[in-house]
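Note sheet for the following structure.
The values are calculated or read from the model by the stated rules, or taken from the named source; none is laboratory data. As the structure is a prediction and not an experimental result, all values here were calculated from the model. Cβ placement follows ideal geometry from the backbone for every residue including glycine, while neighbour counts extend to all protein chains displayed.
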Amino acid sequence: MKSEKLKTFNYSIGMFGTSIPINLLKTFAFAYYVDTLGVTTAQWASIMLIYTFIDAADNLVYGYLSDRTRTRWGRRRPWLVIGTPLLVLGLILFYSTPAGLEGNQLYIYAMLLYIFTGTLDSVINANYGALFPELFTTDASRAKANALRQAFQLVAMIISIALTPMVVDAIGWSATAIIYGFLGQAVILYMALTSHEKPVTEDEKKPQLWDSVKTLLTNRKFWVAGITNAFYSAGMSLVLAGLPIYAKYSLGIGSGQQSLLFGAVLLVAIAAVALWANWVKKYDLVKVWRAAIGILALSYIPLFFANSFVTALVCAMLVGFGFAGVITTMDLIHSRIMDEDQAKHNVRREGIISNALGFMNRLNGLFTSVAYALLGVMFGYVSGEVPGPQPDMAARFLLTVFPFVMMVLSFGVSFLSDFEPVLAGKRGEGTGSRE
């Protein structure tokens with residue numbers, strides 16, 4: 001019992017480490033480069049678009065190589081140990097812009113470092129995610145482990161999102177990136193070195209790339225889960241990216257109150273994760289998943305009308321409740337897809353599926369790039385230097401209107417397939433046939 005609890009802790013705390021760097025990158029990149037340094041919204045939209053296509057090309061390859069890796073340290077650990085320092089390096093360089101860069105030079109620098117750091121995040125998270133269904137094989141154990149790791153993720157978000165405005169005010173962007181990067185690295189490496197994969201023998205069947213691609217392309221559940229998550233991720237990414245300019249232009253509040261606004265979302269989410277996890281144990285997972293998506297969609301409506309710090313704070317708490325439900329259930333849906341694939345095809349390819357789902361998640365860049373481009377077209381918001389005549393409405397659009405549309409689409413797509421659990425005994429049983 002004690003060893004099981006330790007296994008759950010060792011794996012779950014990894015979510016704290018993986019969340020710290022990427023939250024800083026994804027949440028504040030727009031505010032840093034567009035609202036502070038002067039990159040235009042059109043340029044930023046193109047960065048998101050280019051990054052999406054590059055990320056699409058490399059995700060399946062990373063998963064394929066991970067699944068076929070055979071070392072004495074396992075399949076996932078080498079990728080985690082080697083990739084993590086490179087991720088941290090990219091994060092630090094991204095927020096340590098050389099003096100004198102402007103115009104196209106600044107744009108190219110931001111694009112290259114965003115792609116480099118984002119791609120390495122794909123490597124880390126795909127290998128981390130691939131461990132989940134292997135280490136925890138029942139809905140009950142998965143619900144428990146996922147609730148704990150989502151709690152760790154939310155604590156990481158309090159640090160790397162809610163507290164960041166105040167931290168940056170105190171020590172600057174570069175120092176913040178250094179501290180967050182090395183903190184994340186220490187936790188990821190601890191997780192990688194203490195989470196033990198099931199042994200893989202040389203004669204175990206290795207997944208084939210084109211066979212895996214063909215299988216995924218014809219898997220309806222993969223498409224439904226992936227597209228649902230892509231719409232959700234686009235909506236939530238815009239909420240996190242939009243909060244800094246919403247706080248500045250719509251509410252007129254400083255970094256301290258902005259941190260409280262972020263914190264309200266995350267503290268409510270932390271408290272609600274246990275509630276959602278309990279509902280997963282009591283009720284049908286798929287129904288709970290869909291309910292969470294619907295509640296998150298509805299929570300954006302009152303946030304649009306908030307006109308003071310207090311009303312925005314209350315509305316942000318509603319967002320936190322729905323957000324907790326989606327993150328508690330989404331990974332369990334993904335694990336069912338991996339279970340079914342292994343049971344049907346007798347091959348372990350969690351890395352390929354995790355990366356493919358990660359790629360689908362990163363399709364949100366197609367949608368967020370449209371949202372950023374529309375800021376200039378609809379409201380005249382070009383950058384922090386040229387905010388246009390309606391920066392208040394631009395911020396509300398980015399924070400609530402576009403995310404609401406994304407979540408409605410996510411909710412609708414979730415009904416296009418069912419996700420039945422694979423029967424007990426399905427996972428980890430005999431995959432010993434040769435290639």
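Between T52, T36, the distinction of being among the β-branched types (V, I, T) and more than 30 Å from N146 (Cβ to Cβ) belongs to T36 only.
Just to be sure before I move on: is I337 within 16 Å of I293 (Cβ to Cβ) and either surrounded by fewer than 21 Cβ atoms within 10 Å (Cβ to Cβ) or in contact with a helix residue (DSSP H, G or I) (Cβ under 7 Å, 6 or more places away or on another chain) (or both) in the structure I sent? Considered against the rule, which asks whether it is within 16 Å of I293 (Cβ to Cβ) and either surrounded by fewer than 21 Cβ atoms within 10 Å (Cβ to Cβ) or in contact with a helix residue (DSSP H, G or I) (Cβ under 7 Å, 6 or more places away or on another chain) (or both), I337 comes out as no.
Conditions (1) buried (at least 24 other Cβ atoms within 10 Å of the Cβ); (2) part of a helix (DSSP H, G or I); (3) over 20 Å from the mean Cα position of the chain (by Cα), marked per residue:
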{"position": "W223", "(1), (2), (3)": "no, yes, no"}
{"position": "N229", "(1), (2), (3)": "yes, yes, no"}
{"position": "S237", "(1), (2), (3)": "no, yes, no"}
{"position": "Y249", "(1), (2), (3)": "no, yes, yes"}
{"position": "I253", "(1), (2), (3)": "no, no, yes"}
{"position": "W276", "(1), (2), (3)": "yes, yes, no"}
{"position": "K287", "(1), (2), (3)": "no, yes, yes"}
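Might you check whether a residue that is of a type in the set (S, T, Y), within 16 Å of Y114 (Cβ to Cβ), surrounded by fewer than 22 Cβ atoms within 10 Å (Cβ to Cβ) and in contact with a Ser or Thr (Cβ under 7 Å, 6 or more places away or on another chain) occurs anywhere in the range 39-51? Yes, some residue in the range 39-51 is of a type in the set (S, T, Y), within 16 Å of Y114 (Cβ to Cβ), surrounded by fewer than 22 Cβ atoms within 10 Å (Cβ to Cβ) and in contact with a Ser or Thr (Cβ under 7 Å, 6 or more places away or on another chain). Please indicate, with yes or no, whether at least one residue in the range 146-160 is surrounded by fewer than 17 Cβ atoms within 10 Å (Cβ to Cβ), farther than 25 Å from Y33 by Cα and small (G, A, S). So far as the range 146-160 goes, no, none of its residues is surrounded by fewer than 17 Cβ atoms within 10 Å (Cβ to Cβ), farther than 25 Å from Y33 by Cα and small (G, A, S).
A quick yes/no check of all residues on (1) closer than 30 Å to L398 by Cβ; (2) in contact with a Phe, Trp or Tyr (Cβ under 8 Å, 6 or more places away or on another chain):
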| residue | (1), (2) |
| --- | --- |
| M15 | yes, yes |
| S19 | yes, yes |
| N23 | yes, no |
| A29 | yes, yes |
| Y32 | yes, yes |
| F53 | yes, no |
| A56 | yes, yes |
| R72 | no, no |
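The set of residues in the range 109-154 being touching a Pro at 6+ places or on another chain (Cβ under 8 Å) and either hydroxyl-bearing (S, T, Y) or closer than 14 Å to D339 by Cα (or both) consists of Y109, T117, D139, R142. Looking only at residues of the range 52-74 that are among the aromatic types (F, W, Y) and buried (at least 21 other Cβ atoms within 10 Å of the Cβ), we find that the one that is nearest to the chain's Cα centre (by Cα) is Y62. Can you find a residue that is touching an Asp or Glu at 6+ places or on another chain (Cβ under 7 Å) and of a type outside the set (F, W, Y) anywhere in the range 352-360? Yes.
When the range 187-219 is limited to residues that are over 30 Å from F16 (Cα atoms) and among the hydrophobic types (A, V, I, L, M, F, W, C), the one that is modelled with the lowest pLDDT turns out to be L209. If you check S255, S195, S212 for being in contact (Cβ under 8 Å) with a residue 12 or more places away in the chain, within 24 Å of A31 (Cα to Cα) and not β-branched (V, I, T), only one passes: S255.
Kindly indicate whether T368 is at pLDDT 90 or above, among the hydroxyl-bearing types (S, T, Y) and either under 24 Å from D139 (Cα atoms) or buried (at least 24 other Cβ atoms within 10 Å of the Cβ) (or both). No.
Checked against (1) surrounded by fewer than 22 Cβ atoms within 10 Å (Cβ to Cβ); (2) part of a helix (DSSP H, G or I); (3) in contact with a Ser or Thr (Cβ under 9 Å, 6 or more places away or on another chain); (4) not polar (S, T, N, Q), A177 meets all criteria but (1).
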